[in-house]
Amino acid sequence: MKSITVIGCGIVGLTSAIKLQEKGFEVTIIAKERFDKTLSSKVGAIWFPFEIHPKKEANKWAALAYQEYLQDVKEGNGVALIPFITAYNSESNTDWTNLLTKETVRKASPEELPKGIASAFISTVPLAEPLLYLPYLFNRFIVNGGLFKEQKITSLQEASNLNTLVINCTGLGAKEICNDDDLRPMRGQILRCKKMDIPSCADSTKKGALSYVINRSTDCVIGGTDYENDWNTNIEKSDTDLIINRLIDGGLSRKKPEILEQLVGLRPKRSAVRFEFDENYPNVFHNYGHGGAGFTVAWGCAIELAKFV
Ligand SMILES: Cc1cc2nc3c(=O)[nH]c(=O)nc-3n(C[C@H](O)[C@H](O)[C@H](O)COP(=O)(O)OP(=O)(O)OC[C@H]3O[C@@H](n4cnc5c(N)ncnc54)[C@H](O)[C@@H]3O)c2cc1C
């Protein structure tokens, strides 16, 4: 059996590893952090192609991923289909709505619009709760015969020396390994709160004033920020206040949320997801830079990867 090494144990590494196993490869994951310490473990995560390029490919991957999530709607693994309200304006790219059927997306009527949102779509989309879904995926990988090794890779040369085909799924970590100037952080601060009686919704129509609510099985994630090129991983009180004020001033809630935990994550943003063989190290394939949509597209990338490897 042929061997493959996947570097990275976030949503992109795990889904890539599983699809390659299903294709008959023996897969080892090498990562400096296991799934529970990754960026992927901290986030929402809702199906929505936010801050990812190129749009055409991202939409294709998102459509494939949507179908894959349908097969994973199972008790206890954190995947569910939920109603989600997405604000839009004349500048919004709404191509993603074409990926859904007329049963799963429509324009919201005026009575359905949350306060502060002028126009929106209501869709039925996958929610993948990382705290349940990543352990489920990791276990699936191990049960399929996968091996995991905790190790930091410092260069492309070192990755290439692994002497197997290597899939680079290191997210923002690829900046160091690949000296990639195009890869940059987009900082997101979020509040994990007690469940609230407000609909799951997102308003990304105002740059720098991202606002969203994701209701999960036992808590609620309220966001957020979308600061470009910001490496700050500290929780900023000013951002906490901003997030709460937008929720209340925007009219979504009258009550202040009860915060359980505050988190900061850096989205691995790139002008285009790097999804290609390396030109100097032909046994290395890159799969990183999925911006604010790693969960939305990871399965789609994994399916495509397994097709041509
Ligand atoms: C606040 C916030 C909210 C978000 N919400 C959503 C959402 O609702 N829906 C959605 O689709 N997306 C969302 N995202 C985006 C999503 O979280 C990312 O796109 C996704 O987690 C990226 O996954 P990844 O596997 O590429 O990277 P990561 O999860 O960062 O995993 C990278 C892996 O590579 C390993 N690694 C890195 N460098 C090295 C190295 N040198 N050697 C060895 N291993 C290495 C790490 O240890 C880790 O295991 C959100 C992001 C943020 C910040």
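General observations
- Highest average packing first - 101-108, 198-205, Cβ atoms within 10 Å: 198-205, 101-108
- Normalised by the number of residues in the stretch 138-275, the average gap of Cα pairs under 8 Å and 6 or more apart makes the relative contact order 28 percent.
- Sorted peptide list for 176-185, 155-164, 268-277, criterion being average Cβ within 10 angstrom, highest first: 268-277, 176-185, 155-164
- Length gained on full extension, ASN179 to ASN163, computed as 0.36 nm times the residue gap minus the Cα-Cα distance: 3.6 nm.
- One chain, two ends: SER3 and SER271. Fully extended at 0.36 nm per residue, the span grows by 93.4 nm beyond their Cα-Cα distance.
- Compared with the rule-of-thumb size 2.2 N^0.38 Å for a compact globular protein, the stretch 1-118 has a Cα radius of gyration ratio of 1.30.
- In terms of its C-alpha gyration tensor, the stretch 24-65 comes out oblate, because a/c is 1.5 or above while a/b does not outweigh b/c.
- Carbon/sulfur fraction of accessible area - the stretch 61-107, other protein chains in place, 1.4 Å, %: 50 percent
- Packing, taken as the mean count of other beta carbons within 10 Å per residue, orders the peptides 40-52, 254-266, 22-34 from highest to lowest as 40-52, 22-34, 254-266.
- Percentage relative contact order, the chain, counting C-alpha pairs under 8 Å, at least six apart: 28 percent
- Kirkwood radius, the stretch 138-240, all distinct C-alpha pairs, inverse of mean reciprocal distance: 17.2 Å.
- Carbon/sulfur fraction of accessible area - the stretch 110-217, other protein chains in place, 1.4 Å, %: 53 percent
- In order along the stretch 82-87, phi translates into HN-Hα couplings of 10, x, 9, 9, 10, 5 Hz, rounded to whole numbers, per the Karplus curve 6.51 cos²θ - 1.76 cosθ + 1.60 with θ = phi - 60° and x for Gly and Pro.
- Reachable lysines, given that their alpha-carbon falls under 22 Å from the alpha-carbon of LYS74 and they are not under 8 places away in the same chain: LYS19, LYS42, LYS195
- Per residue, the chain reaches -8000 deg cm²/dmol at 222 nm when only DSSP H runs of four or more residues are counted, each adding -39500 (n - 2.57).
- The stretch 260-300 - percent of accessible surface contributed by carbon and sulfur, probe 1.4 Å: 44 percent
- Greater than 23 Å apart at Cα, pairs in LYS2/LYS269; LYS32/LYS237; LYS60/LYS269: LYS2/LYS269; LYS32/LYS237
- Accessible surface computed residue by residue for the stretch 1-143, with neighbouring protein chains in place and a 1.4 Å probe, gives 46 Å² per residue.
The values are calculated or read from the model by the stated rules, or taken from the named source; none is laboratory data. Please read all numbers here as calculations on a predicted model, not as lab measurements. Here Cβ is always computed from backbone atoms with ideal geometry, including for glycine, and neighbour counts include all displayed protein chains. Ligands, DNA and RNA are stripped out before the accessible areas are found, and what is left, the full protein with its side chains, is counted by its heavy atoms. Shrake-Rupley method; radii C 1.70, N 1.55, O 1.52, S 1.80 Å.
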